[in-house]
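Participant: Pasting a structure here, questions to come.
Throughout, read-outs are computed from the coordinates displayed, never taken from laboratory work. Worth saying up front: this structure is predicted, and the values here are computed from it rather than measured. Using ideal geometry, Cβ is built from the backbone for each residue, glycine included, and neighbour counts are taken over all protein chains shown.
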Amino acid sequence: MSGAPGRTPVIALEIVSSTLVALGLGLLIAALTIRLIYGSWTKTQAITFEHEGHPYLRWHDHRYRIVEALWSSGTPRRGRGSAAPQPWTPGEDVTIYYHARQPTHWSFDEPYRGTRVIAVVGLACAISGALLGFLPA
């Protein structure tokens, strides 16, 4: 038994369409899982100050509590050789990101930079796969 010759492009289109939808949903679920595992982070402005010869940062968390942390105690920077940039002069504002559940856990880098890319690619794959399914045969 041989299939109809005109059905081959339709089958290929269906396979590509369903693969794109499955890949897109998988990427969206992966991005969401990463966000849920690592929790929410908040962007804020911190002020630099010096205490006993050591550079510190001070900021307000989401409950308006004052949080102080040693400049070098932040999360290590991804993909860079140094753990933190050189401390700024006291009194300057610095943009940081802190973990909502643990305000003393902070970083200079924006968390989840990669997850946004994963989510956008996943959404694009899912939408294009769904739209491919509506193409006329």
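Participant: Go ahead and set up a Gaussian network model of the chain, Cα springs under 10 Å, then flag whichever of A30, A119, A12 fluctuates most.
Facilitator: Result: A12 has the largest fluctuation of those listed.
Participant: Please state the charge dipole magnitude for the chain, taken about the Cα centre, from unit charges on C-beta atoms (+1 on K and R, -1 on D and E), reported in debye and rounded to the nearest 20.
Facilitator: 380
Participant: Another question, if that's okay. Take the chain, connect every pair of alpha-carbon atoms lying under 10 Å apart with a spring to form a Gaussian network, then pick out the residue of I15, I118, I47 with the largest mean-square fluctuation.
Facilitator: Of the options given, I15 has the highest mean-square fluctuation.
Participant: Within 10 Å, at most 14 other Cβ atoms, and a DSSP state outside H, G, I, E, B define an exposed site. Report the longest part of the chain free of exposed chymotrypsin sites (Phe, Trp or Tyr not before Pro).
Facilitator: 1-63
Participant: Can you give the FRET efficiency for L131 and L36, using 1/(1 + (r/R0)^6), R0 = 30 Å, r = Cβ-Cβ distance, to the nearest 0.05?
Facilitator: Efficiency at R0 = 30 Å is approximately 0.55.
Participant: Measure nothing but the geometry: give the 0 to 90° angle between the long axis through the Cα atoms of 113-132 and the longest principal axis through the Cα atoms of the chain, rounded to 10°.
Facilitator: 20
Participant: Between P90, P103, P111, find the one with the highest GNM mean-square fluctuation for the chain; connect C-alpha pairs within less than 10 Å.
Facilitator: P90
Participant: Using R₀ = 41 Å, calculate the FRET efficiency as 1/(1 + (r/R₀)^6) where r is the Cβ-Cβ separation of I29 and D93; round to 0.05.
Facilitator: Taking R0 as 41 Å, the efficiency between I29 and D93 is 0.65.
Participant: Farthest toward the dipole's positive end in the chain, which of I127, P87, T42, given Cβ charges of +1 (Lys, Arg) and -1 (Asp, Glu) about the Cα centre?
Facilitator: The listed residue farthest towards the positive side: I127.
Participant: Next question. Of all trypsin sites (Lys or Arg not before Pro) in segment 21-74, which ones are in loop regions per DSSP and have a Cβ with at most 10 other Cβ atoms within 10 Å?
Facilitator: Hits after loop and neighbour filter: R63, R65.
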